[in-house]
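**Q** To start, I am sharing the structure in question, which I have written as structure tokens.
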Amino acid sequence: MKNRFDQELETRLVRYAAIDSQSDETSPSTPSTDVQFDMLNLLRQELTEIGAQDVQMTGDSVVVATIPGTADGPTIGFLAHVDTAPQFNATGVKPRVIKGYNGGEITFPDDPDLVLSPEEHPYLAKKIGHDLITASGTTLLGGDDKAGVSILMTMARHLLENIDIPHGPIRIAFTPDEEIGRGVSEQLPKDLGADFAYTLDGQELGEIEYESFSADRAVIKITGVSIHPGLAKDKMVNAAHLAAKIVQTLPQATMTPEVTDGRQGFIHVTDMNGGSSEMEIKLILRDFEMDALEAQREIVRQVCAAVQATEPRATISCDISHQYRNMRYWLEKDMTPVDLAREACREQGIEPISVPIRGGTDGSRLTEFGTPTPNIFTGMQCIHGPLEWISVQDMAIATETCLSLVGKAARS
Ligand SMILES: [Zn+2]
């Protein structure tokens, strides 16, 4: 079960995870936080040290580099994101390694109430004997996506040291701000210069994903009529009441995140802000199919129109905009990148699994912008929270899968 890359992967993840590189949705800058430069600059330096070529930081703060081909073949891109999720504390991460997991409950030094149990997490029960990495209880680990970073750095180091291994040109990219959906600009396909690419940002062993949600966002603005409440009779129009009516009229027993799974889409009210004079409601719309997404847009517009009709003195506007699209629409036309990853996975004795992602990845936008980019597993589990953990041996299999993949893609 021990693998030649175990020690390097463990050392890298422990080192990278201790660096705070959390992104921040509320920040307008690129990257959204300065701390992400700590990871980006470090990786730029390490790529140079291991002998990667064309190492540079793009105008969008993406670190890119080339592993020169030793054989003919398509140029393959590999991406991982350096930011960690804003949903949970990511400052002062203290990674800890559990060697040879014994199958029992895992407790955390900095939070005695926190327990990671194999009963509640069946995937953990499969990892007896593995070396696991967790945080200390008060932070997330950030294996999402520093596991991907560790896997790609290990692969790059290995290929650059062993130039007798045949593979085509490889491009590596480390992106900021994936967790807040701002990691991929329209410029990235050009900066990457790959025929197709992979994100290393999946979870369970064997996951080769090529379907994500198609996603829109909606912003509803309601302007009422404001007047001193003591003088308001027959004059005031309270925007808060109209906002409540809109939310009440939207689907609740169907088409919400809390009642859907699998291939079902949803309309999700994420925010409501304001007061009696003005209110703003933010929603996200998600489905795997474009016609269903269009139907959701129509529902939101119709609900706004219906509530508007009850109160002509108010103004209700509804702005719906594009976020990202299901990468399947492009990948199903040419499944070569998916098939290659699946074959490479089978070569490790793992049967690939392709489950539609109920979210988006950097690959969703990259694929839409012209570089087909499925997602490959890393082993990360219980992400975005204090229970986050990962098996070093899962990461090693992901590394071996990437190596098989580049070998298979090379034309001998
Ligand atoms: Zn991720």
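**Q** Where only protein heavy atoms count, and the probe is 1.4 Å, what is the accessible area per residue for the chain in Å²?
**A** Per-residue accessible area for the chain comes out at 42 Å².
**Q** What is the total of Lys pairs in the chain with C-alpha atoms under 30 Å apart, excluding same-chain pairs fewer than 8 positions apart?
**A** Total qualifying Lys-Lys pairs in the chain comes to 29.
**Q** Given Cβ point charges of +1 (Lys, Arg) and -1 (Asp, Glu) and nothing else, what value in debye, to the nearest 20, does the dipole of the chain about its Cα centre take?
**A** Dipole about the Cα centre, nearest 20: 580 debye.
**Q** In addition: For a protection proxy built on the mean count of beta-carbon atoms within 10 angstrom, sort 355-368, 84-97 highest first, please.
**A** Highest-to-lowest ranking by the protection proxy: 355-368, 84-97.
**Q** Calculate the spin-label point distance for VAL97 paired with GLN264, positioning each point 7 Å from the Cα along the beta-carbon direction, and give it in nanometres.
**A** That separation, rounded to one decimal, is 4.4 nm.
**Q** Please name whichever of ILE246, ILE227, GLN296 sits farthest to the positive end of the charge dipole of the stretch 219-359, dipole taken about the Cα centre and charges placed at Cβ: Lys and Arg +1, Asp and Glu -1.
**A** Result: ILE227, furthest along the dipole toward the positive end.
**Q** Hey, got the dipole for the stretch 216-269? About the Cα centre, +1 on K and R Cβ, -1 on D and E Cβ, debye to the nearest 20?
**A** 240 debye
**Q** Suppose the chain between GLN7 and LEU231 were pulled fully straight at 0.36 nm per residue; how much longer would it get relative to their current alpha carbon spacing?
**A** The GLN7-LEU231 span can extend by a further 73.3 nm.
**Q** OK, next. Which percent of the accessible area of the chain is formed by carbon and sulfur heavy atoms (probe 1.4 angstrom)?
**A** Whole-percent figure for carbon plus sulfur exposure: 50.
**Q** Among residues other than ARG157 whose Cβ falls under 9 Å from its Cβ, what is the net charge (Lys/Arg +1, Asp/Glu -1)?
**A** Cβ neighbours under 9 Å give a net charge of -3.
**Q** When a/c is below 1.5 the answer is rounded, else prolate if a/b is larger than b/c, else oblate, so apply that to the stretch 1-60 with a ≥ b ≥ c taken from the square roots of the Cα gyration tensor eigenvalues.
**A** It is oblate, given that a/c is not under 1.5 and a/b is not larger than b/c.
**Q** Consider just the alpha-carbon atoms of the stretch 214-324 and return their Rg together with their Dmax, both in angstrom.
**A** Computed over the Cα atoms of the stretch 214-324, radius of gyration and Dmax are 15.2, 52 Å.
**Q** Could you tell me whether the stretch 145-197 comes out rounded, prolate or oblate from its Cα gyration tensor? Rule is a ≥ b ≥ c as square roots of the eigenvalues, rounded for a/c under 1.5, then prolate if a/b exceeds b/c, otherwise oblate.
**A** Taking the square roots of the gyration eigenvalues as a ≥ b ≥ c, the stretch 145-197 is oblate.
**Q** For the pair ALA292 and GLU332, what calculated FRET efficiency results from E = 1/(1 + (r/R0)^6), where r is the Cβ-Cβ distance and R0 = 22 Å, to the nearest 0.05?
**A** Efficiency computed from Cβ-Cβ geometry: 0.85.
**Q** First select every other residue whose beta carbon is under 13 angstrom from the beta carbon of PRO189; then total the charges, Lys and Arg +1, Asp and Glu -1.
**A** In short, -3.
**Q** What is the Cα centroid distance between the stretch 378-412 and the stretch 68-115, reported in whole angstrom?
**A** Going from one Cα centre to the other spans 11 Å.
**Q** Would you mind working out the magnitude of the charge dipole of the stretch 214-324 relative to its Cα centre, with +1 at each Lys and Arg C-beta and -1 at each Asp and Glu C-beta, to the nearest 20 Debye?
**A** The calculated dipole for the stretch 214-324 is roughly 440 debye.
**Q** Could I ask something else about it? Just from the alpha-carbon atoms, what are the Rg and Dmax of the chain in angstroms?
**A** 23.6, 85
**Q** Sticking with this one: Tally Lys/Arg at +1 and Asp/Glu at -1 over every other residue whose Cβ is under 10 Å from the Cβ of LEU47; what's the total?
**A** Cβ neighbours under 10 Å give a net charge of -1.
**Q** At 7 Å along Cα-to-Cβ for each site, give me the label-to-label distance between ASP54 and HIS121 in nm.
**A** So the two model labels end up 3.9 nm from each other.
**Q** Mind ranking 185-191, 238-244 by how tightly packed they are, going by the mean number of other C-beta atoms within 10 angstrom, highest first?
**A** Ranking the peptides 185-191, 238-244 by packing returns 238-244, 185-191.
**Q** Next up: So, in nm, how far is label GLN45 from label ARG15 when the simple model puts each one 7 Å beyond its Cα toward the Cβ?
**A** The answer from the label model is 1.0 nm.
**Q** By average Cβ neighbour count within 10 Å, what is the ranking of 218-227, 247-256, 141-150 from highest down?
**A** 141-150, 218-227, 247-256
The values are calculated or read from the model by the stated rules, or taken from the named source; none is laboratory data. Predicted model, so just to flag it, every value in this text is computed and none were measured. Neighbour counts run over all protein chains shown; Cβ positions are idealised from the backbone, glycine included. Just the protein is used for accessible areas: all its heavy atoms, side chains included, with ligands, DNA and RNA removed. Shrake-Rupley method; radii C 1.70, N 1.55, O 1.52, S 1.80 Å.
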